[in-house]
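The structure appears right after this line, and notes come after that.
The values are calculated or read from the model by the stated rules, or taken from the named source; none is laboratory data. Just so it is clear, the model here is predicted, and its values are computed rather than measured. As a convention, Cβ positions derive from the backbone with ideal geometry for all residues, glycine included, and neighbour counts pool all protein chains shown. Protein only, heavy atoms only, side chains kept; ligands, DNA and RNA dropped before computing areas. Shrake-Rupley method; radii C 1.70, N 1.55, O 1.52, S 1.80 Å.
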Amino acid sequence: MTDHIAPSSGTGPAGAFTRAERLVVKIGSALLVDQASGELRQDWLRALIEDVAAIRRTGRQVTLVSSGAVALGRRALGLGAGPLRLEESQAAAAAGQVRLAHAYQAALQAHGLTVAQILLTLEDTQQRRRYLNARNTFNTLLNLGAVPVVNENDTVATNEIRYGDNDRLAARVAQMISADCMVLLSDVDGLYTADPGVSADARHIPAVSDISPAIEAMAGGVGSDVGSGGMRTKLMAAKIATAAGCEMWIADGRGLHPLRALDTGARHTRFAAQGNPATARKQWIAGALEPAGRLLVDAGAVRALMQGRSLLPAGVKAVEGRFNRGDAVIVAGPDGIEIGRGLSAYSDADARRISGYKSREIEGLLGYRGRDEMIHRDDLVLHAVGDHARAG
Ligand code: GLU
């Protein structure tokens, strides 16, 4: 049991959390909405957003994944206590989401920050085109300084095609935007060796380096019954996030200023990232995707790629295969030997139209202003020089 639990990082100021350039914070319903009255906890939200503003002032980017739509909406619609039918919770989500967004807007605006709402479905995180669209929108918003507030699009997501819990949704968002740290604010301060509510000798686990079966067994019956995510979904989220190179923290968010508290050493469980987001993404591109086509590039383009630049349409001599925007393609040099793989920013038809042309000519050729690059360098993996064997 000891080998997969990293040594305690102590209670000093939280290293990676403080350093994270791109942070995702998941906020559970039970924190945001008072269980008894069904009302928004305004003081708590104000304090949380003060913490977010402090992080933004240091130039770091924050994305919030917030639950609470169903909890707020059920009160607004006069739905009583007890379990809701699917169509009732979808209706509640519709009524609650607008209130939730408004609350975030008011709280963030007080600090001069712009909120941007993104509602996602499971398919948006699974289908590559939609995934890439969402990813581009996130990147644009974050680079413009906005604070995205994300929730599942509960109103249109039916049971079979929904996450149902925002823990995993937050992990997918972290993966999508290559976040380096994600914090699940919950009503427990982390993972325990057993259910602390049941077992007096349950020990808190400060850090997990590998989510082994023993760790999963610990999550068995543990977890709160508010919201949809118990400890199980938190571990599933941890697997998604850490495999994407993002470390994940579980922390108690109930007090005011929960992020500030973490910064000054509040107790939490920290799941170590496997590698970093850029490497994880490149591994995914290099390994997991079946190439759907091939771009033959000229010698000048090969040199530019080797220097770490993006592939521009001007350097592409021929386009083979049928593919959509966002599909993986092989990049081959003038000799036809594969030099790498990447995600094409254009479909094969559009790629044929613009290959050999300058990026500023794209709009004239296609009638829309697409990306300047055929494959952006972040979406490109080159094989090591001399590693041409795998080109086959
Ligand atoms: N999307 C749901 C809501 O906003 C919450 C899901 C969850 O509890 O994680 O109410």
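General observations
- Residue in the range 52-63 that is within 16 Å of the ligand (Cβ to nearest atom), at pLDDT 90 or above and either outside any helix (DSSP H, G or I) or over 23 Å from P206 (Cα atoms) (or both) present: yes
Condition check ((1) more than 31 Å from the chain's Cα centre (by Cα); (2) hydroxyl-bearing (S, T, Y); (3) assigned to a loop (DSSP other than H, G, I, E, B)) across all residues:
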position	(1), (2), (3)
R309	no, no, yes
A318	yes, no, no
G326	no, no, yes
G336	yes, no, yes
G342	no, no, no
A345	no, no, yes
R352	yes, no, no
Y357	yes, yes, yes
Y368	no, yes, yes
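- Comparison of Q97, Q117, Q35 shows that the only residue that is closer than 22 Å to L184 by Cβ, polar (S, T, N, Q), open to solvent by 10 Å² or more (accessible area, probe 1.4 Å) and assigned to a loop (DSSP other than H, G, I, E, B) is Q35.
- Single match in Q90, Q105 (criterion: polar (S, T, N, Q), within 24 Å of the chain's Cα centre (by Cα), more than 30 Å from R270 (Cβ to Cβ) and within 11 Å of the ligand (Cβ to nearest atom)): Q90
- In the range 342-358, residue nearest to R303 (Cα to Cα) [restricted to those that are open to solvent by less than 40 Å² (accessible area, probe 1.4 Å) and not polar (S, T, N, Q)]: G342
- Counted residues, the range 262-289 - those being more than 23 Å from the chain's Cα centre (by Cα) and open to solvent by 20 Å² or more (accessible area, probe 1.4 Å): 3
- Pairing each residue of the range 304-329 that is touching a residue at least 24 places away in the same chain (Cβ under 8 Å) with any residue that is open to solvent by less than 30 Å² (accessible area, probe 1.4 Å) and charged (D, E, K, R), provided the two are 6+ apart or on different chains, yields C-beta distances under 7 Å for V319/D348; G321/D348; R322/D348; F323/D348.
- For beta carbons closer than 7 Å, sequence separation of 6+ or different chains, a first residue in the range 74-97 that is hydrophobic (A, V, I, L, M, F, W, C) and a second that is exposed (fewer than 10 other Cβ atoms within 10 Å of the Cβ), the qualifying pairs are L86/N159.
- A Cβ distance below 9 Å, combined with a sequence gap of six or more or placement on separate chains, defines the contacts here; from the range 265-289, residues that are polar (S, T, N, Q) reach residues that are open to solvent by 70 Å² or more (accessible area, probe 1.4 Å) in the pairs Q274/D210.
- L84 fulfils the conditions (1) surrounded by fewer than 19 Cβ atoms within 10 Å (Cβ to Cβ); (2) under 18 Å from L32 (Cα atoms); (3) of a type outside the set (V, I, T); (4) within 12 Å of the ligand (Cβ to nearest atom) except for a single criterion, (2).
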